[in-house]
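The values are calculated or read from the model by the stated rules, or taken from the named source; none is laboratory data. All of these numbers come straight from a predicted model, not from anything done at the bench. Neighbour counts are summed over all protein chains in view; Cβ atoms, including those assigned to glycine, are modelled from backbone coordinates with ideal geometry. The protein model used for the area step is the full one, side chains on, heavy atoms only, and it has no ligands, DNA or RNA in it. Shrake-Rupley method; radii C 1.70, N 1.55, O 1.52, S 1.80 Å.
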Amino acid sequence: MSVCENYKEVEKRVEEACKRAGRKREEVTLIAVSKTKPVSMIEELLPLNVRDFGENKVQELTAKAEILPSALHWHMIGHLQRNKVKYIVDKACIIHSVDSLRLAEEISKAAQKKQVTAKILIEVNVAEEESKFGVRTSELLPLIEAISLLPNIAIKGLMTIAPYVENPEENRWIFQKLKNLSIDIKGKNFDNVTMDVLSMGMTGDYEVAIEEGATHVRVGTGIFGERNYTI
Ligand SMILES: *Cc1c(COP(=O)(O)O)cnc(C)c1O
């Protein structure tokens, strides 16, 4: 199947999941995760009006953003090193992967320099997997409170990477938990914190994530095919 055919299939499933959940299609942004994939594959999707792409490496994001039309939205979804923040703070539409105060301070500093307000999500390690980035749920509230005081940063919501599972139903509780955390935080009415964005769900489980309230799903393999990291 071509990239366009894959995309249309994923789009259909997104629509169906929205319908099942009684949600409007416009409530969910389908991010095409193009990491490791060539610019030519991204270009194939542009006639379908696909505008949201996800990358997990700073250099790859900035290189692709430079070549491709400026109307595209680049989502930084990968772990971010502090020394690379300055290269993407005004290129990424949302940084999905903030999990420490030190990183947020660096983003704030770079955003002030470029005179922009950086939109960020806090990455939560809901399943508390040892190998994953993200804050534990117990550390979430104090972190948000601290970041909310920094200039030129807007916390737009939460992000999680659920474990790889055979049956997506196994991850439903994780998506419910992230949604509930966002409701708790919204209730605190911190300055510069809205909880409009819930970035959750990947190729294996995006339909369940939408049923549980995802506003952004990040689909790579389902659109672009398997990634080959050996070349
Ligand atoms: C690679 C990646 C995805 C996409 O994963 P697929 O399983 O290929 O859909 C989503 N989110 C993050 C953070 C990723 O790094």
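Roughly speaking, what is the stretch gain from residue 203 to residue 112, that is 0.36 nm per residue apart minus the C-alpha to C-alpha distance, in nm to one decimal?
Values: separation 91, 0.36 × 91 = 32.76 nm, distance 3.56 nm.
The span from residue 203 to residue 112 would gain 29.2 nm if fully extended.
Hey, rough spin-label estimate for residue 137 and residue 70, points 7 angstrom out along Cα→Cβ, what's it come to in nanometres?
Modelled inter-label distance: 4.4 nm.
Just reorder 62, 203 by solvent-accessible area, largest first, 1.4 Å probe, all chains present.
The most accessible residue leads, giving 203, 62.
Show me, for segment 180-192, the HN-Hα J-couplings you get by feeding each phi into the Karplus relation (A = 6.51, B = -1.76, C = 1.60, θ = phi - 60°), rounded to Hz, glycine and proline as x.
Going residue by residue, I get 5, 4, 5, 5, 4, 5, 3, x, 7, 6, 5, 5, 6 Hz, with x marking Gly and Pro.
So how strong a dipole does segment 3-224 carry about its Cα centre when Lys and Arg Cβ are +1 and Asp and Glu Cβ are -1, to the nearest 20 debye?
On the way: 31 positive and 33 negative charges, 144 e Å.
The calculated dipole for segment 3-224 is roughly 700 debye.
Taking the full set of protein chains and a 1.4 angstrom probe, give the accessible area of residue 185 in square angstrom, rounded to the nearest 10.
For residue 185, the solvent-accessible surface is approximately 10 Å².
Taking the alpha-carbon centroid of each part, what is the distance from segment 138-176 to segment 110-134 in angstrom?
Segment 138-176 and segment 110-134 have Cα centres separated by 9 Å.
Starting at the first residue of segment 81-87, write each ³J(HN,Hα) from the Karplus equation 6.51 cos²θ - 1.76 cosθ + 1.60 with θ = phi - 60°, in whole Hz, x for Gly and Pro.
The phi angles translate into 7, 4, 6, 9, 4, 4, 6 Hz.
Subtracting the Cα-Cα distance from 0.36 nm times the residue separation, let me have the gained length for residue 91 to residue 189 in nm, one decimal.
Here the answer is 32.5 nm.
Could you tell me which of rounded, prolate or oblate describes segment 113-165, using a ≥ b ≥ c as the square roots of the eigenvalues of the alpha-carbon gyration tensor, with rounded for a/c under 1.5 and, failing that, prolate when a/b is larger than b/c and oblate otherwise?
Cα axes put segment 113-165 in the prolate bin.
Could you tell me the calculated FRET efficiency between residue 12 and residue 46, based on Cβ-Cβ distance and R0 = 22 angstrom, to the nearest 0.05?
So the FRET efficiency works out to roughly 0.70.
Pull up all non-local amide H partners of residue 97: gap of 5 or more, or a different chain, and H-to-H distance under 5 Å with H placed in the peptide plane.
Counting only residues 5 or more places away or on other chains, the set is 121.
Pick out which of 197, 39, 28 has the largest mean-square fluctuation in a Gaussian network model of the chain, springs linking Cα atoms closer than 10 Å.
In this elastic network of the chain, the residue with the biggest mean-square fluctuation among 197, 39, 28 is 39.
Under 8 Å for C-alpha pairs, at least 6 residues apart: give me the relative contact order for segment 1-60, rounded to a whole percent. Walk me through the numbers before you get to the answer.
On the way: 34 pairs, mean separation 22.7, N = 60.
Result for segment 1-60 is 38 percent.
Using protein chains only and a probe of 1.4 angstrom, how many square angstrom of residue 79 are accessible, to the nearest 10?
90
Which is the longest part of the chain that has none of the GluC sites (Glu not before Pro) sitting in a DSSP loop with at most 16 other Cβ atoms within 10 Å?
1-127
Show the residues, 5+ positions off or on another chain, whose built amide H is closer than 5 Å to the amide H of residue 118.
153, 154
Output the Cα-based Rg and Dmax of the chain in Å, rounding Rg to one decimal and Dmax to a whole number.
Considering the chain through its Cα atoms, Rg and Dmax are 16.9, 48 Å.
Over segment 3-224, what is the relative contact order in percent, taking alpha-carbon pairs closer than 8 angstrom and at least six residues apart?
In percent, rounded to a whole number, it is 21.
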